[in-house]
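Asks: Structure below; questions to follow.
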């Protein structure tokens, strides 16, 4: 074989712990060809196979995936129809060539690889490559921007309306990206592990996949669009430099681990990072671990429609001073251990002196449901003010839907989505607002106001 076209180093059995695919494939027919490729027979079409990873990764100047593969133990020849999950994991090859027979490319195929360019053979009816980047044949979806491909000067073709799974995953040097208003879908892990500093998602986006910005360690600002109803799982997990993030008022569900480990530093560490979260009023479900490990949070407000809180949702939020729950009926907190209450697990390792604010008529209900965890449960008056953060004092009053602040520094007012709704002047100023919960911030002090 011409080693300028293909030089593959093949190891023994594939370690599932290394490449991550294998547990789903153990009961299926797999084989290695004489030229070192590893395949699995497809469940949906036993005449076809998918390419799988090998331990050391495929290596060579150019790796050309064949259009057919023969199982050496049976002599059966299959059509190569798919590039499987993490197929080029740890592959050290500048260029990969996919055959015309390919009808499916898993989004994670180039995950953690050193591939710079991909070529799709002429005649492929599903995919096309342009300058080493893979798109769907109709050029409406960006499928894969290879991890080692030079990004300088790149812009999405005008025809593209979707960014596929893992499309930019692992582009270490990608520090800025403008999502065009024509984009309707952003796939799973599309920007995972990049160095993006800020991102604005336009209102045209109808779908955002899980893990979209996970491990974007330089990300300081994310703007999600109004109209969004589900906050995806792991969406900003481990994005530890966030200074600004909004939760759209239209959200109805926050999926598992959406913000896990994102707010680990805050003002108590001398950093101007997110330290308050307000769960919007339309949210009904917060899934497991959604805010787990956020030791930078000092204040959490749980919207009035939240009825279910999953396992460890606020666990290890070890700096929380106040939790406000606006639902008159205490949300059900899931529990694994029958020896403890759901609230004890949902708020595991939240400080014992954290104050829980609840509707005045619901103090007894919360004491019964959450009292094993919270020993200081206080009422929110129908129209009232509660301190949530210390600092210079200022006066806040509410009457007839009007909020008045008397402060030498002026004040900013935020709604439950974290959006600033008013900037009040120095000395004394007022603003008329709809009924709801607001955060008033003046310098280093903040108060929660119920109108």
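The values are calculated or read from the model by the stated rules, or taken from the named source; none is laboratory data. As the structure is a computational prediction, the values presented were derived from the model and not from experiment. In this analysis, Cβ positions are derived from the backbone assuming ideal geometry, glycine residues included, and neighbour counts consider all displayed protein chains.
Asks: Sort out which residues of segment 140-188 are within 21 Å of residue 218 (Cβ to Cβ) and part of a strand (DSSP E or B), and write them in order of number.
Replies: 163, 186
Yes or no, residue by residue, for (1) exposed (fewer than 14 other Cβ atoms within 10 Å of the Cβ); (2) closer than 23 Å to residue 239 by Cβ; (3) outside the structural domain of residue 108 (by TED's automatic domain parsing):
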{"residue": "139", "(1), (2), (3)": "no, no, no"}
{"residue": "146", "(1), (2), (3)": "no, no, no"}
{"residue": "170", "(1), (2), (3)": "no, yes, yes"}
{"residue": "181", "(1), (2), (3)": "yes, no, yes"}
{"residue": "193", "(1), (2), (3)": "no, yes, yes"}
{"residue": "199", "(1), (2), (3)": "no, yes, yes"}
{"residue": "203", "(1), (2), (3)": "yes, yes, yes"}
{"residue": "216", "(1), (2), (3)": "no, yes, yes"}
{"residue": "221", "(1), (2), (3)": "no, yes, yes"}
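Asks: Out of all the residues in segment 71-84, which are part of a loop (DSSP other than H, G, I, E, B) and crowded, with 21+ Cβ neighbours inside 10 Å?
Replies: 84
Asks: Could you list all residues from segment 252-279 that are surrounded by fewer than 24 Cβ atoms within 10 Å (Cβ to Cβ) and closer than 15 Å to residue 307 by Cα?
Replies: 252, 253, 255
Asks: Which number in (1) modelled with pLDDT of 80 or more; (2) farther than 21 Å from residue 299 by Cα marks the one condition that residue 400 misses?
Replies: Exception for residue 400: condition (1).
Asks: What about residue 134, is it over 26 Å from residue 186 (Cα atoms), within 32 Å of the chain's Cα centre (by Cα) and at pLDDT 95 or above?
Replies: So residue 134 does not fit the description; no.
Every residue, every condition in (1) assigned to a loop (DSSP other than H, G, I, E, B); (2) assigned by TED's automatic domain parsing to the domain that holds residue 48; (3) over 25 Å from the mean Cα position of the chain (by Cα); (4) at positive phi, yes or no:
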position	(1), (2), (3), (4)
96	no, yes, yes, no
100	yes, yes, yes, no
109	yes, yes, no, no
114	yes, yes, no, no
125	yes, yes, yes, no
128	no, yes, yes, no
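Asks: Could you please find all residues in segment 334-365 being over 31 Å from the mean Cα position of the chain (by Cα) and in a helix (DSSP H, G or I)?
Replies: Answer for segment 334-365, where residues must be over 31 Å from the mean Cα position of the chain (by Cα) and in a helix (DSSP H, G or I): 360, 361, 362, 363, 364, 365.
Asks: Here is a list: 311, 242. Which entry is touching a helix residue (DSSP H, G or I) at 6+ places or on another chain (Cβ under 8 Å) and over 23 Å from residue 378 (Cα atoms)?
Replies: 311
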